[in-house]
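Here, each number is a calculation from the coordinates, and none is a lab measurement. A quick note: this is a predicted structure, and the numbers were derived from the prediction, not measured. Here the Cβ positions follow ideal geometry from the backbone for every residue, glycine too, while neighbour counts run over all protein chains shown.
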Amino acid sequence: MRTAGRLSVTMGIVMGMLCLTGCGQSAADGKIEVELVSYKPEAVAAFEQIEERFNATHDNIHLTIDSPNEAMTILKTRFIREDYPDIVGIGGDINYSSFLDADLFMDISDLEEVGMVKQSYLDMDKELEFVPLEGTYALPYAANAAGILYNKDMFEEHGWEIPGTWSEFTALCEEIQAEGIQPLYFGYKDTWTCLAPWNALAVGLSDSDTCNQVNLGNTTFKESYREAAEKIRVLLDYAEPNPYAYGYNDACTAFARGQSAMYPIGSYAIPQIKSVNPDMNIDSFPFPANEAEEDNILNSGIDLQFCVMKNSDKKEAVYEVLRFLYEDETIQIYLDDQGGVACKEGEFEIPVELEGMRAYIEADRMADYQDHHYPSEMSVDAMIQTFLLDNSANSVDTFLERFDTDWKRYNRDLIRKVQQYQQEKEGAR
C-alpha cells in the first residue's frame with residue numbers, strides 16, 4: 001500500500017508537470033493565446049474551420065474558439081467569477097444590453113472594420129443600449145431575417161402574386177383558402193413561435209425604438225402596438241385548425257410537406273424545413289404589414305456579433321482576430337455553414353430562400369426584432385399566446401393594458417435609469 005501510495009504521489013507530480021508544460025506551451029512558443037467563446041453550438045463546424053485557418057496563417061497568435069452548449073449560462077458564471085475570455089460571440093438581444101450595462105465590453109470604435117458594417121445593424125446595437133453610450137461595443141457579424149416563407153412551386157403552379165400590402169396579403173390568403181389550400185401554418189403550441197409574426201408585423205407598424213420611448217414616458221404599448229395586435233389576430237382566420245395543438249417542429253414539417261402555402265417564421269427555420277424536404281423550393285418576402293409598400297420594413301436581427309471583454313490585455317492580438325473574422329472569405333465560410341445575411345457591406349451570397357428579401361437587404365431597409373428588448377421574465381411570448389386564445393370583445397385592450405402593466409413591473413429599475421439620464425441630459429442644456 002505504501003509503494004502504491006508513493007507511486008500515486010510520483011504519478012501526480014509527473015502529471016502536474018505535464019499539465020504545467022501543456023498550459024505554458026503558448027508562452028513557450030512565444031504565441032499570444034486568444035480565447036473566443038461563442039453562444040452558437042450549432043456553428044461548431046464553421047468555427048473549427050475558421051480557427052484552423054487562422055492558426056495556420058498566424059505565427060504569433062493562437063486562437064481557441066469554444067462553442068459550448070448552454071453558452072450563455074457558462075458565460076454568466078464566468079463573468080461572476082471574473083474568469084473572462086478575450087472575445088465573446090453573442091446575439092444582439094437583451095443579454096447584450098445587460099452585459100453592456102454592466103460595463104463588461106471594450107469600446108472598439110477604433111477598429112477599422114466597424115466602418116464596414118451596414119448602418120442598420122449599427123443602429124440596432126445602439127438601440128439596445130439602455131442609456132446612450134459613446135463608442136461602439138460590438139462587431140455585428142451575421143443576421144437572420146423574418147417575414148413569410150412560401151412554397152415557390154405552389155405559388156408558380158397557381159399563379160399567385162407576391163403581396164406588397166396588407167390588403168393584398170389578406171386577399172391572397174382568401175384566394176388560397178378558396179382553392180382548398182391552407183394559407184398559413186403557425187405551431188403556436190411552442191409559445192416562442194407567437195413572436196415570429198408579432199415581430200415581423202411590429203417592425204412595420206411601430207417605431208424601432210418603441211421600448212425606449214415607453215421607458216421615457218413618451219408613449220405606451222397600448223398606443224404603439226394596437227395595430228400589430230389587431231392584425232396578428234386577423235392572421236388566425238388563415239391558420240391551421242387549432243394552431244395551439246401543434247409546435248414548431250410540427251409547423252416546419254407541415255410546411256415542408258406542402259400542407260400550407262406559407263409559413264410566417266424566420267430564416268432560422270429553413271434548415272429544419274429542409275431536413276424534412278431537402279428538395280423543397282422555398283422563397284420569402286418581408287411581411288407586408290402596411291397599406292403602402294414603401295412603409296414596409298424587413299425584420300432582421302443580429303444573430304451573431306463579437307464583443308471584446310474590457311479587461312483583456314491583448315487588444316492588438318484580439319483586433320488581429322477580429323480583422324481575420326471580418327475578411328470576406330471568413331464570413332462566407334460562416335454563411336455557407338449557417339446561412340443568413342452578412343452584417344458587413346459587400347457582395348456576399350444571399351441564400352436562395354431569401355431571394356425575395358434581397359431588395360430590402362441591399363437597400364439596408366431593416367429593423368430589429370422588438371422582442372430583443374423584452375426582458376425574459378416578462379414572458380411576452382406566453383402573453384401573446386394567451387391574447388390569441390382570448391375570444392372576448394375587448395381582448396386587444398386587455399392584452400395591451402397588461403403589456404403596459406407588466407412592462408413597468410419588470411423594468412422598474414431600467415425606467416428609472418433611463419428617465420434619470422434624460423433629466424440629466426436636459427438639465428445640462
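Packing, taken as the mean count of other beta carbons within 10 Å per residue, orders the peptides 247-260, 413-426 from highest to lowest as 247-260, 413-426. Pairs spanning more than 29 Å between alpha-carbon atoms, out of K118/K314; K189/K231; K314/K425; K152/K222; K40/K222: K314/K425; K152/K222; K40/K222.
Across the options P183, T165, F130, the greatest Cα extent toward the positive end of the charge dipole of region 76-184 (unit charges at beta carbon of Lys, Arg, Asp, Glu) belongs to F130. Here's the picture: a label point sits 7 Å out from the Cα of D328 along the beta-carbon direction, and within region 340-358 the residues with their amide nitrogen under 15 Å of it are 342-350. Is the shape of region 244-400 best called rounded, prolate or oblate, per the rule: a/c under 1.5 gives rounded, else a/b larger than b/c gives prolate, else oblate, with a ≥ b ≥ c the square roots of the Cα gyration tensor eigenvalues? Note, shape of region 244-400 comes out prolate. For the pair D207 and D110, the difference between a 0.36 nm per residue extended length and the Cα-Cα distance amounts to 31.9 nm. Using a cutoff of 8 angstrom between alpha carbon atoms and counting only pairs six or more residues apart, the relative contact order for the chain works out to 25 percent. Measuring from a point 7 Å past the Cα of D66 along Cα-to-C-beta, which residues in region 27-49 have an amide N at less than 11 Å? What the label zone holds, given the 11 Å backbone N cut-off, is 35-38. Taking the DSSP beta bridges with both ends in the chain, the antiparallel portion is around 65 percent. Please name which of A382, P351, N411 has its Cα lying farthest along the dipole of region 340-415 towards the positive end, using unit charges on Cβ (Lys, Arg +1; Asp, Glu -1) and the Cα centre as origin. Selected residue: N411.
Each Lys and Arg adds +1 at its Cβ and each Asp and Glu adds -1 at its Cβ; summed about the Cα centre, the chain shows a dipole of about 1940 debye.
On full extension of the chain, what length is gained from D404 through Q423, given 0.36 nm per residue of separation minus the C-alpha to C-alpha distance?
4.6 nm
Note on D29/R78: beta-carbon distance plugged into 1/(1 + (r/R0)^6) with R0 of 35 Å gives a FRET efficiency of 0.90. Compared with the dominant principal axis of the Cα atoms in the chain, helix 2-23 is inclined by about 70°. Estimated from the Cβ-Cβ distance and a Förster radius of 30 angstrom, the FRET efficiency linking T165 and I415 is about 0.25.
Extending 7 Å from Cα along the Cβ direction at A292 and again at V234 yields two label points whose distance is 1.7 nm.
Distance from the Cα centroid of region 32-99 to that of region 138-208 is 34 Å (rounded to whole angstrom). Taking A342, A46, A393 in turn, the Gaussian network model of the chain (Cα-Cα springs below 10 Å) assigns the largest fluctuation to A393. Considering only E349, E316, E329, the mean-square fluctuation computed in a Gaussian network model of the chain, springs between alpha carbons under 10 angstrom, is largest for E316.
Extending 7 Å from the Cα toward the beta-carbon at both M378 and Q259 defines two label points whose distance is 3.3 nm. Full extension of the chain between N55 and D103 gives 14.2 nm of extra length, using 0.36 nm per residue less the Cα-Cα distance.
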